Amino acid sequence: MCACLHADTCFYVSVTVHEHKSYAYAERYANVCHIAEVQSMKAMWTTKKYKRRKNNMALYSEKVMDHFRNPRNVGSIEDADGIGEVGNPVCGDIMKIYLKINKEQVIDDVKFETFGCGSAIASSSMATELIKGQPVSEALKLTNKAVTEALDGLPAHKLHCSVLAEEAIKTAVKDYYDKNKIPYDPADFPAGEDCEHCAMH
């Protein structure tokens with residue numbers, strides 16, 4: 001994920017590569033954060049083709065852009081009480097959630113590592129914010145709908161990102177329960193199948 005001053009350009013490249021699966025494009029702009037490459041990209045935006053793609057940015061809310069550019073809770077927890085990793089080879093997104101849970105079963109800390117597009121990063125960031133400081137039982141109630149609404153919406157073809165965020169958190173909670181031999185209802189957790197939205201892309 002890019003954290004440089006050219007985040008707008010990098011987000012544009014991320015969306016283009018992810019949506020169009022253009023690996024040649026990805027290879028060509030792998031070093032997009034270099035000034036020369038950024039200037040080259042801006043020049044390309046003057047053409048009709050790139051102006052049309054740039055207009056796709058309007059599909060993303062200010063909250064999505066904020067959580068992409070300034071993601072909360074990024075990183076890992078070495079002594080995590082629960083770890084959950086989910087992904088789908090079709091859409092290409094991978095999310096990993098780390099939970100630190102106290103004796104009262106409250107989530108003291110949560111971190112995430114995500115490989116994916118801007119919507120995937122934003123969904124991970126928002127999901128961790130929604131469960132931080134909450135009891136584990138409340139974290140289990142988190143839905144992809146709640147994540148999407150908190151982000152002021154996602155494009156229909158990006159809803160799978162919020163689904164993966166929900167599943168990553170539930171997988172981390174399940175790991176915590178398994179490690180501590182806490183009984184639970186298997187129906188409360190994802191079965192591990194590819195999500196419906198991912199299968200569509």
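Residue by residue, here is whether (1) in a loop (DSSP other than H, G, I, E, B); (2) modelled with pLDDT of 95 or more; (3) touching a Gly at 6+ places or on another chain (Cβ under 6 Å) holds:
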site	(1), (2), (3)
Asn55	no, no, no
Ala58	no, no, no
Ser76	yes, yes, no
Ile83	no, yes, no
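Checked against (1) under 18 Å from Ala191 (Cβ atoms); (2) at pLDDT below 95, Lys174 passes all but a single condition, namely (2). Looking only at region 173-195, decide whether some residue is within 16 Å of the chain's Cα centre (by Cα) and either buried (at least 24 other Cβ atoms within 10 Å of the Cβ) or assigned to a helix (DSSP H, G or I) (or both). No, every residue in region 173-195 fails to be within 16 Å of the chain's Cα centre (by Cα) and either buried (at least 24 other Cβ atoms within 10 Å of the Cβ) or assigned to a helix (DSSP H, G or I) (or both).
Scanning region 117-134 for residues that are buried (at least 24 other Cβ atoms within 10 Å of the Cβ) and small (Gly, Ala, Ser) returns Gly118, Ser119, Ala120, Ala122, Ser123, Ser124, Ser125, Ala127.
Looking at Asp152, is it surrounded by fewer than 16 Cβ atoms within 10 Å (Cβ to Cβ) and touching a residue at least 40 places away in the same chain (Cβ under 8 Å)?
Working: surrounded by fewer than 16 Cβ atoms within 10 Å (Cβ to Cβ): yes; touching a residue at least 40 places away in the same chain (Cβ under 8 Å): yes.
Yes, satisfied.
Within the set Lys111, Lys96, Lys103, the sole residue that is exposed (fewer than 15 other Cβ atoms within 10 Å of the Cβ) and at pLDDT 95 or above turns out to be Lys103.
The values are calculated or read from the model by the stated rules, or taken from the named source; none is laboratory data. Being a predicted model, the structure only gives us computed values, none of them experimental. Counting neighbours? That spans all protein chains shown, and the Cβs are built from the backbone with ideal geometry, glycine included.
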